[in-house]
Ligand SMILES: *Cc1c(COP(=O)(O)O)cnc(C)c1O
């Protein structure tokens, strides 16, 4: 089919290849950095919605919200069209506004901090721990000022940060924590009784972007136990119009609605929710696959003969790592090659690799706004030079792992100092 060929050929700007089929890339074929795991379950779920006559927010979205809340054990789960939307609504609901500061780790994606700017507040960027690349309760608490209105806590790569301790410390100061859980579903934190990352702070935002651990193409979920915050996010996520507005064209729906505030258009479609329900039902299977790939990389690197030239990502001792990313670090002091060249050479060998992240404070927007970076960020600045994210997605084969490790070995082995 023509559209299928187009989909297969499409490569998005984040080096994720779209397309169907589970077959492993051959040695000459491009091995994508990420690829969603789509089975007959997802296909049938989406086709059912197409046949149902109801494409936008409706029964599938309500069901996805209910299942998600039940899975993570939160009072409310609200589906939106992105995690960015969920983060924005969380900050709006917490009353973040002009004159406020919100603390955000510099080691994150654009979304975590831009939502603070949407609110007219200042994102205050903080440094991360070298071992995990997560912000710590210390780096965050040191940045607290009388203007601090909230904290966005990121669980980088799928490894939860020390969220229990952070929330304890900030609760005492009356500062709410919003968890950016875009990388960390389904992470359960043993030290917190197996509670899910994203449910420890006042609110949590999950991402279902196409590269994330479960996907709806584009989508996000806001979870919270706070009734008032949930009500406000529900209102503002759909034009600020009164509850059940999504239902106004359904049988039994009412034509009447009231605009209570100037809101946003952030609702999830039933097409996306159907995909999400299928993916949610496979979350444990997908997590098991990611864990096996991380273990597979580890075992291969440890017997590769060049494991002294890299550092492997640390597993979480409590098994909470969701392995959204597998980030190795180059031991540049032992190499006569820089990271940019390693990236080019992986690309030449047909391997999709990436960099997570270019710290926010190194981007032009934040460089031009010194108020966002009151203190030095030496760890992030230094570690940025040597991180490489390798492909990790359910459906990758042992041969794919062999190929990535061999390619990196060939590139680094010839540049040993
Ligand atoms: C992907 C991502 C987001 C945004 O998710 P969207 O669903 O694409 O809006 C937010 N934070 C981090 C750390 C991410 O990686």
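Read-outs throughout are calculated quantities, based only on the coordinates presented, and are distinct from any laboratory measurement. Just so it is clear, the model here is predicted, and its values are computed rather than measured. When we count neighbours, we look across all protein chains shown, and the Cβ atoms used for this are built from the backbone with ideal geometry, even at glycine.
Roughly what % of DSSP beta bridges within the chain run antiparallel, to the nearest 5?
Values: 24 of 43 bridges.
Of the beta bridges lying entirely in the chain, close to 55 percent run antiparallel.
If you rank 114, 70 by fewest surrounding Cβ atoms within 10 Å, what's the result?
Working: 114 16, 70 11.
Going from least to most buried by this count: 70, 114.
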Assuming 0.36 nm per residue, please report the length gained on full extension of the stretch residue 225 to residue 308 beyond their Cα-Cα distance. 25.3 nm
Between 261, 338, 270, which gets the highest mean-square fluctuation from a Gaussian network model of the chain, Cα cutoff 10 Å? 261
Remind me, relative contact order of the chain in percent, using alpha carbon pairs under 8 angstrom and six or more residues apart? 22 percent
What is the Cα centroid distance between region 324-347 and region 379-417, reported in whole angstrom? 7 Å
Using alpha-carbon coordinates alone, the radius of gyration and Dmax of region 40-280 in Å work out to 17.7, 56
When the chain is modelled as a GNM with alpha-carbon springs shorter than 10 Å, which of 62, 265, 212 fluctuates the most? 265
Value of relative contact order over region 176-264, rounded to a whole percent, pairs C-alpha under 8 Å and six or more apart: 19 percent
Projected convex hull area of region 344-417, Cα atoms, direction-averaged, in nm², equals 7.1 nm²
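If each residue of separation counts as 0.36 nm, what is the full-extension length gain between residue 55 and residue 288 once their alpha-carbon separation is subtracted? Intermediate values should be presented prior to the final figure.
Details: separation 233, 0.36 × 233 = 83.88 nm, distance 3.19 nm.
Length gained between residue 55 and residue 288: 80.7 nm.
Normalised by the residues of region 40-280, what does the relative contact order come to in percent, with Cα pairs under 8 Å and at least six apart?
27 percent
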Jot down the radius of gyration and Dmax of the chain, Cα atoms only, both in angstrom. 21.6, 73
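Going by C-beta contacts inside 10 Å, put 209, 257, 365 in order with the fewest on the left.
On the way: 209 21, 257 16, 365 13.
So the ranking, lowest neighbour count to highest, is 365, 257, 209.
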Fraction of antiparallel bridges per DSSP, region 40-280 only, in percent to nearest 5: 50 percent
Which FRET efficiency value, to the nearest 0.05, do you get for residue 165 and residue 67 by plugging their Cβ-Cβ distance into 1/(1 + (r/R0)^6) with R0 = 30 Å? 0.50
In region 113-228 the DSSP beta bridges are antiparallel at a rate, in percent to nearest 5, of 45 percent
Listed residues 86, 121, 228, most fluctuating in the chain (Gaussian network, C-alpha, under 10 Å): 228
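Can you divide the C-alpha Rg of region 114-183 by 2.2 N^0.38 Å and report the result to two decimal places? Walk me through the numbers on the way to the answer.
Working: Rg = 11.7 Å, N = 70, 2.2 N^0.38 = 11.1 Å.
Normalised Cα radius of gyration, region 114-183: 1.06.
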Please give the length that would be gained between residue 338 and residue 257 if that part of the chain were fully extended, namely 0.36 nm times their separation in residues minus their C-alpha to C-alpha distance (nm, one decimal). 23.3 nm
Hey, fewest Cβ within 10 Å first, where do 330, 78 land in order? 330, 78
